[in-house]
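The values are calculated or read from the model by the stated rules, or taken from the named source; none is laboratory data. Treat the numbers as computed from the prediction; the structure is a model and nothing was measured. Neighbour counts run over all protein chains shown; Cβ positions are idealised from the backbone, glycine included.
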């Protein structure tokens with residue numbers, strides 16, 4: 001291997017690492033606020049990329065129908081639970097309609113816009129909107145009533161959600177894979193390596209999202225409220241922070257990050273309905289490097305995972321997944337030796 | 001007799017089913033159900049009882065299957081040898097994964113097993129020697145001499161015999177000294193460690209047992225299908241195994257069989273029915289499984305078998321230990337000799353000094369009360385002495401031995417036994433079983449002898465001791481009550497009995513009267529007076545001054561982490577500094 005190949009691999013690794021970083025951040029975000037280990041994070045990635053692909057071909061994306069189904073289920077749950085708890089059918093109906101409103105608007109706009117063949121960036125925006133709307137609904141339907149459960153129960157629920165979302169992906173997108181057009185076709189020579197416009201976009205979007213997240217959690221009251229929920233749920237509730245709302249907001253952000261990641265990788269690889277899982281899990285390995293708690297740690301971990309994957313693919317391409325996922329064992333070993341304490345008092 | 005009923009029924013029905021003129025298709029279905037149930041049986045122990053989750057059981061099935069496939073095909077070894085090689089390889093990999101992840105908090109194990117399951121799947125799918133994604137073909141069926149037992153009805157008998165044997169072994173294990181330790185894992189480690197149990201060792205043990213069950217299933221599966229390929233050992237299958245255990249009733253041994261049957265039949269049905277409804281082929285059944293998994297966890301968290309189990313409550317344990325020998329007792333310091341010497345212990349949490357160079361000692365036969373206003377550092381002191389927290393500096397000598405650096409379970413083994421400020425017990429075990437946990441360090445029979453039930457002599461001695469201690473504190477009538485159903489006062493007394501069961505040289509009671517009603521306090525005071533008469537050495541942390549003044553020989557008063565004063569109850573009561581600490585001063 002000479003330095004040219006090495007630098008190409010390095011760039012490759014950093015590019016995919018930047019996407020894994022986003023997913024790792026989303027994983028850390030969801031875990032710290034809700035204690036949910038969100039395995040289906042990758043499904044949002046596939047949903048995002050495939051929704052755009054469907055819009056590209058002028059069809060109404062299957063995600064829209066799925067979104068409507070989910071919204072109906074969520075609003076029925078909202079109706080029943082509110083009615084039971086507060087005994088006020090009018091208020092319950094209001095809150096059910098509120099749950100339904102945004103998904104319905106997004107769906108109607110999508111159905112109208114799908115055959116119009118708008119510019120790529122409009123379609124991209126629409127895809128992000130559709131997939132992001134999924135976040136709160138998924139939380140509402142699958143997790144909200146289990147908020148008090150142990151992380152392990154939540155983890156098993158996550159696996160159930162992952163199963164369901166993958167199967168539904170197959171149902172609504174079909175088994176065919178898609179590759180999206182690049183957002184920016186220019187190329188730049190940078191010494192021995194060529195930087196594509198898409199790579200620049202990936203780095204740009206990743207970096208700005210990370211900065212935005214940091215600003216949000218450090219500077220805004222809402223962000224601080226989320227952090228409070230992460231530290232102590234009961235305490236946060238006593239301060240008037242709704243754990244339901246926090247959970248839904250967190251899932252909204254996770255879905256947004258997932259959808260954006262889907263758009264970023266869409267042009268670099270062919271995405272199938274089940275591709276999201278492996279991509280999400282690599283973000284996951286990155287999050288584990290960070291002990292599921294540190295944002296900068298997840299970023300570094302993700303870049304590391306990306307680089308290992310790129311070099312692994314070069315030396316032993318058949319075994320690149322083996323290498324990446326076996327990586328988690330030494331990482332956990334180091335963490336285990338460093339932390340040393342066992343978990344007390346669940 | 002009643003709890004053996006499922007075993008008897010199953011054991012009888014296996015040969016009957018084998019002889020019935022059932023279609024071969026159904027025998028094959030039953031064979032798969034048996035294989036899957038064997039894997040989820042391991043998960044019942046690991047996840048249901050031990051509270052640890054693994055998504056990687058399919059990978060262990062794969063190790064068992066590939067080991068025997070490769071070795072019988074390439075080296076021509078007999079499957080009866082490769083079974084043990086497969087078990088060995090599985091054990092090694094389970095130990096590596098377990099030792100790495102089980103020290104950390106609960107969710108790292110499932111994460112590691114996901115990653116481990118994935119990487120093993122890709123490894124099997126990419127190794128030339130293992131036939132890549134096509135797998136290995138042409139395995140021989142299992143045979144004894146010239147008789148082929150690897151197919152059809154004979155295999156059915158073999159597979160279900162192994163399953164029933166496994167289930168019985170687990171049932172035996174769960175009702176034993178190591179089994180009680182395993183059942184304590186779910187509720188946090190502090191109580192178990194205080195009983196002298198190495199919780200880490202038991203976590204690794206159950207992970208290992210579950211992996212070995214999976215490996216046996218893999219070995220059977222390989223020779224039954226006569227081919228192996230990676231798809232049967234991927235993460236999807238690993239999740240399905242967990243699903244079987246969860247649906248069936250993750251805390252119940254027989255739930256594994258129910259869950260395996262349900263999932264296998266549903267899986268087959270959906271794989272045909274769903275594509276027909278939808279119109280294209282594809283594995284749509286995962287949608288139903290995913291949704292069903294969430295629904296089960298929401299509405300039936302104990303699984304289907306819990307419904308059955310409720311109909312057939314466990315009969316009370318037969319009192320078979322009346323003739324048993326007493327357990328040996330440890331030698332204790334003679335009255336008046338020092339039991340505990342606390343020498344300048346200190347605990348700092350960052351800048352906060354919670355315990356500031358506290359010193360006191362306890363002589364054998366003395367009851368010493370540790371008192372002070374809220375936040376004085378009493379509980380921290382308690383945790384420093386018992387080894388739950390590590391000391392910043394200072395020395396604790398117990399029965400002449402320096403125990404400053406020992407973890408809590410080692411200190412417990414030396415004969416220091418404690419109760420907890422918030423009762424820690426296993427709510428779904430009987431009072432007797434809970435108390436028998438206290439005698440953990442006085443037995444030594446392990447997992448294997450529990451499974452084979454060669455531990456009965458020791459079990460009887462442990463049970464006898466537990467009953468004796470319960471009677472000692474006046475709880476002889478509620479031996480077979482579920483601990484979770486007891487009133488608060490009885491639960492606290494039960495904790496004292498559990499502590500006494502370890503034959504302690506020193507008993508530490510952490511606010512035993514907290515939350516008790518008047519009558520219950522009187523009962524507690526009576527127990528303490530009785531223990532005093534019997535010469536027990538006790539360190540008591542308590543807020544109830546009437547109780548403290550009544551039973552203690554010596555008092556140690558703390559305020560803001562420092563030692564305020566010490567002396568007899570009368571001296572302490574007369575001390576103006578103590579009055580000021582409790583009631584404030586007039587300005």
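Points to keep in mind about this one:
- Residue match in the range B:235-253 (condition: surrounded by fewer than 17 Cβ atoms within 10 Å (Cβ to Cβ) and more than 27 Å from the chain's Cα centre (by Cα)): no
- Residue in the range A:41-57 that is without any contact (Cβ under 8 Å) to a residue 60 or more places away in the chain and either in a helix (DSSP H, G or I) or surrounded by fewer than 24 Cβ atoms within 10 Å (Cβ to Cβ) (or both) present: yes
- Any hit, the range B:211-223, residues being surrounded by fewer than 24 Cβ atoms within 10 Å (Cβ to Cβ) and not in a loop (DSSP other than H, G, I, E, B): yes
- Considering A:203, A:163, A:172, the condition of being modelled with pLDDT of 85 or more, surrounded by fewer than 21 Cβ atoms within 10 Å (Cβ to Cβ), in contact with a helix residue (DSSP H, G or I) (Cβ under 6 Å, 6 or more places away or on another chain) and within 14 Å of chain B (Cβ to nearest Cβ) is satisfied by A:172 alone.
- Any helices (runs of 4 or more DSSP H) falling wholly within the range B:249-342 and containing at least 1 residues that are in contact (Cβ under 8 Å) with a residue 60 or more places away in the chain: B:255-278, B:305-311
- Among the residues of the range A:128-142, just one is surrounded by 24 or more Cβ atoms within 10 Å (Cβ to Cβ) and either free of Cβ contacts under 8 Å to residues at least 60 places away in the same chain or outside any helix (DSSP H, G or I) (or both), namely A:142.
- Applying the set (1) away from every other protein chain (no Cβ under 14 Å); (2) in a helix (DSSP H, G or I); (3) more than 21 Å from the chain's Cα centre (by Cα) to residue A:145 leaves exactly one unmet item: (1).
- Only a single item in (1) modelled with pLDDT under 90; (2) within 14 Å of chain B (Cβ to nearest Cβ) is not met by residue A:90, and it is number (2).
- Residue in the range B:347-363 that is without any contact (Cβ under 8 Å) to a residue 60 or more places away in the chain, under 24 Å from residue B:503 (Cα atoms) and more than 33 Å from the chain's Cα centre (by Cα) present: yes
- Within the range B:99-113, the residues that satisfy the criterion of being crowded, with 20+ Cβ neighbours inside 10 Å and either farther than 22 Å from residue B:219 by Cα or away from chain A (no Cβ under 13 Å) (or both) are B:100, B:101, B:102, B:103, B:104, B:106, B:107, B:108, B:109, B:110, B:111, B:112.
- If the condition is being in a helix (DSSP H, G or I) and exposed (fewer than 15 other Cβ atoms within 10 Å of the Cβ), then the range A:74-101 contributes A:76, A:80, A:84, A:85, A:86, A:89, A:90, A:91, A:94, A:97, A:98, A:101.
- A single member of B:133, B:108 is without any contact (Cβ under 8 Å) to a residue 12 or more places away in the chain and in contact with a helix residue (DSSP H, G or I) (Cβ under 6 Å, 6 or more places away or on another chain), and it is B:108.
- Residue match in the range B:261-272 (condition: within 12 Å of chain A (Cβ to nearest Cβ), under 26 Å from residue A:43 (Cα atoms) and out of contact with any helix residue (DSSP H, G or I) (no Cβ under 7 Å at 6 or more places or on another chain)): no
- Each residue in the range B:524-547 was checked for being over 28 Å from residue B:330 (Cβ atoms) and in a helix (DSSP H, G or I), and 3 of them qualify.
- Selected residue (criterion: surrounded by the most Cβ atoms within 10 Å (Cβ to Cβ)) from residues of the range B:287-301 that are facing chain A (nearest Cβ under 7 Å) and more than 21 Å from residue B:37 (Cβ to Cβ): B:290
- Given (1) under 23 Å from residue A:308 (Cβ atoms); (2) at pLDDT 90 or above, index of the condition residue A:40 fails: (1)
- Check on residue B:389, at pLDDT below 90, assigned by TED's automatic domain parsing to the domain that holds residue B:510 and on the phi < 0 side of the Ramachandran plot: yes
- Number of residues in the range A:188-200 that are surrounded by 13 or more Cβ atoms within 10 Å (Cβ to Cβ) and in a strand (DSSP E or B) equals 3.
- Taken over the range A:299-323, the residue count meeting the criterion of being away from every other protein chain (no Cβ under 14 Å) and either under 23 Å from the mean Cα position of the chain (by Cα) or not in a helix (DSSP H, G or I) (or both) is 8.
- Residues located in the range B:273-286, provided they are surrounded by 14 or more Cβ atoms within 10 Å (Cβ to Cβ) and at the interface with chain A (Cβ under 8 Å from one of its Cβ atoms): B:282, B:283, B:284, B:285, B:286
This table checks each residue for (1) in contact with a strand residue (DSSP E or B) (Cβ under 8 Å, 6 or more places away or on another chain); (2) under 29 Å from residue A:127 (Cβ atoms); (3) at pLDDT 85 or above.
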{"residue": "A:216", "(1), (2), (3)": "no, yes, yes"}
{"residue": "A:221", "(1), (2), (3)": "no, no, yes"}
{"residue": "A:226", "(1), (2), (3)": "no, yes, no"}
{"residue": "A:237", "(1), (2), (3)": "no, no, no"}
{"residue": "A:240", "(1), (2), (3)": "no, no, no"}
{"residue": "A:245", "(1), (2), (3)": "no, yes, yes"}
{"residue": "A:250", "(1), (2), (3)": "no, yes, yes"}
{"residue": "A:254", "(1), (2), (3)": "no, yes, yes"}
{"residue": "A:258", "(1), (2), (3)": "no, yes, yes"}
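- For the range B:133-152, a residue qualifies if it is outside any loop (DSSP other than H, G, I, E, B) and loosely packed, with under 15 Cβ neighbours inside 10 Å, and the qualifying residues are B:133, B:134, B:137, B:144, B:147, B:148.
- Per-region count, the range A:233-275, residues within 14 Å of chain B (Cβ to nearest Cβ) and surrounded by 24 or more Cβ atoms within 10 Å (Cβ to Cβ): 1
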